[in-house]
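*Asks:* One structure, as structure tokens, below. Some questions next.
The values are calculated or read from the model by the stated rules, or taken from the named source; none is laboratory data. Worth saying up front: this structure is predicted, and the values here are computed from it rather than measured. Neighbour counts are summed over all protein chains in view; Cβ atoms, including those assigned to glycine, are modelled from backbone coordinates with ideal geometry. When the accessible area is computed, the model is the full protein with side chains, heavy atoms only, and any ligands, DNA or RNA have been set aside. Shrake-Rupley method; radii C 1.70, N 1.55, O 1.52, S 1.80 Å.
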Amino acid sequence: MEFHIENLPSTRIAYVRQVGPYGPANSQAMETLKSWARSKNLFTKSTILFGIPQDNPETTLPAHCRYDACIVISKDFPLDGSTPDLNEAELPGGQYLICKVKHTAEAVGQAWTNIFSHLQTSGYTMDNKPILERYTGDLLHLDYCEICVPVKSQ
């Protein structure tokens with residue numbers, strides 16, 4: 001499994017939030033977001049999507065876990081409020097440990113094991129920002145994603 005450090009810029013995002021146990025409902029939130037993005041001609045080869053699990057299911061009751069399905073939008077893209085489930089936010093930038101994985105439960109589970117062992121020997125520690133799942137360009141069509149773990153130097 002390959003890892004690299006990347007400095008992600010702060011970006012404006014539009015997102016759909018799903019509250020409840022992580023799982024199939026997360027995919028539904030992402031499909032809702034993609035449908036909206038297609039209707040606004042935002043879903044192209046250069047589209048950047050993020051999945052952001054906001055809560056740790058080991059410390060948060062499943063019914064209260066929040067998952068945000070996000071798309072990067074330009075600073076001047078108008079959100080007209082016509083879609084009530086759509087919100088906007090600024091995704092904080094910074095250093096992230098990036099790991100590309102096949103988007104399957106098994107591969108993602110294995111990646112988490114490898115990420116935390118890699119962090120112990122890398123000279124970095126986790127920063128206090130959300131962990132991101134990033135989907136870009138061809139990765140979207142090949143069923144891959146990048147797990148982006150916020151880090152800071154020790």
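*Asks:* Please work out the FRET efficiency for the pair Ala107 and Ser74, using the Cβ-Cβ distance as r and a Förster radius of 35 Å; give the result to the nearest 0.05.
*Replies:* Details: r = 32 Å, r/R0 = 0.92.
Once rounded, the FRET efficiency stands at 0.65.
*Asks:* As a check on your grasp of the helix formula, calculate [θ] at 222 nm for the chain: sum -39500 (n - 2.57) over DSSP H runs of n ≥ 4, divide by the residue count, round to the nearest 500.
*Replies:* On the way: 3 runs with 39 residues, N = 154.
It lands at -8000 deg cm²/dmol.
*Asks:* With a 1.4 Å probe and every protein chain left in place, work out the accessible area per residue of the chain in Å², rounded to a whole number. If you can, show how the numbers build up before the last one.
*Replies:* Values: 8670 Å² over 154 residues.
Accessible area per residue: 56 Å².
*Asks:* Given the whole protein assembly as supplied and a 1.4 Å probe, what does the accessible area of His4 come to in Å², nearest 10?
*Replies:* Here the residue's solvent-accessible area equals roughly 90 Å².
*Asks:* Of Glu31, Glu58, which has the most accessible area with a 1.4 Å probe, and how do the rest follow in descending order?
*Replies:* Values: Glu31 85, Glu58 165 Å².
Greatest to least solvent exposure: Glu58, Glu31.
*Asks:* Now for a separate question. With labels modelled as points extended 7 Å from the Cα through the Cβ direction, what inter-label distance (nm, one decimal) is found for Asn87 paired with Asn114?
*Replies:* Computed distance between label sites Asn87 and Asn114 equals 3.3 nm.
*Asks:* Expressed as an acute angle from 0 to 90° and rounded to the nearest 10, what is the orientation of the C-alpha long axis of helix 24-39 relative to the principal long axis of the chain?
*Replies:* Here the helix axis deviates by roughly 50 degrees.
*Asks:* With all distinct Cα pairs included, what does the Kirkwood hydrodynamic radius of segment 43-132 come out to in Å, to one decimal, could you say? Intermediate results must be reported in sequence, preceding the final value.
*Replies:* On the way: mean 1/r = 0.0629 Å⁻¹.
It is 15.9 Å.
*Asks:* Going 7 Å from the Cα of Asp55 along its beta-carbon direction, which residues of segment 23-44 have the amide nitrogen within less than 13 Å of the resulting point?
*Replies:* 23
*Asks:* Next question, about the same structure. Against the longest principal axis of the chain, how steep is helix 105-122, in degrees 0 to 90 to the nearest 10, with axes from Cα atoms?
*Replies:* Approximately 50 degrees, to the nearest ten.
*Asks:* For the residue pair Ala63 and Gln28, what label-to-label distance in nm results when each label sits 7 Å from Cα along the Cα-to-beta-carbon direction?
*Replies:* My value for the distance between the label points is 1.7 nm.
*Asks:* Where a Cα-Cα gap under 30 Å defines reach, which lysines qualify for Lys45, not counting those fewer than 8 residues away within the same chain?
*Replies:* Lys34, Lys75, Lys100, Lys102, Lys129
*Asks:* Now a separate question. For the pair Asn128 and Glu2, how long in nm is the line joining their label points, each one 7 Å along Cα→Cβ?
*Replies:* Placing both labels 7 Å along Cα→Cβ, they lie 3.4 nm apart.
*Asks:* Work through the residues other than Ile147 whose Cβ is under 15 Å from its Cβ and net out their charges, Lys, Arg +1 and Asp, Glu -1.
*Replies:* Values: positive: Lys100, Lys102, Lys129, Arg134; negative: Glu2, Glu6, Glu106, Asp127, Glu133, Asp143, Glu146.
So the surrounding residues net to -3.
*Asks:* Relative to the Cα centre, what is the charge dipole magnitude of the chain, using +1 at the beta carbon of each Lys and Arg, -1 at the beta carbon of each Asp and Glu, and rounding to the nearest 20 debye? Don't jump to the answer; show the numbers that get you there.
*Replies:* On the way: 13 positive and 17 negative charges, 40 e Å.
For this selection, approximately 200 debye.
*Asks:* If you take the square roots of the eigenvalues of the alpha-carbon gyration tensor of segment 1-70 and sort them as a ≥ b ≥ c, do you get rounded (a/c under 1.5), prolate (a/b over b/c) or oblate? Let's see the in-between values first.
*Replies:* Values: a/c = 2.17, a/b = 1.21, b/c = 1.80.
Because a/c hits 1.5 or more and a/b fails to exceed b/c, segment 1-70 counts as oblate.
*Asks:* Quick one: 3J(HN,Hα) in Hz for segment 72-83, Karplus 6.51/-1.76/1.60 with θ = phi - 60°, rounded, Gly and Pro as x.
*Replies:* 6, 10, 5, 4, 9, 5, x, 9, 8, x, 6, 10
*Asks:* With 10 Å bins from zero, work out the P(r) of the chain over every alpha carbon pair and list the percent per bin.
*Replies:* Cα pair-distance distribution for the chain, in percent: 10, 39, 38, 12, 1.
*Asks:* Once neighbouring chains are kept in place and the probe is 1.4 Å, which whole percent of the accessible area of segment 1-122 is contributed by carbon and sulfur?
*Replies:* Numbers: 3730 of 7090 Å².
Here it works out to 53 percent.
*Asks:* Rank these residues by their accessible area, most exposed first, probe 1.4 Å: Met1, Met30.
*Replies:* Largest to smallest exposure gives the sequence Met1, Met30.
*Asks:* While we're looking at this one, here's another question. Specify which residue in the list Ile71, Tyr22, Gly109 is farthest towards the positive end of the charge dipole of the chain, using unit charges on the beta carbon of Lys, Arg (+1) and Asp, Glu (-1), about the Cα centre.
*Replies:* My answer, from the dipole projection, is Ile71.
*Asks:* Report the longest stretch of the chain that contains none of the trypsin sites (Lys or Arg not before Pro) sitting in a DSSP loop with at most 13 other Cβ atoms within 10 Å.
*Replies:* Working: sites that count: Lys45, Lys75.
Here the longest segment lacking exposed loop sites spans 76-154.
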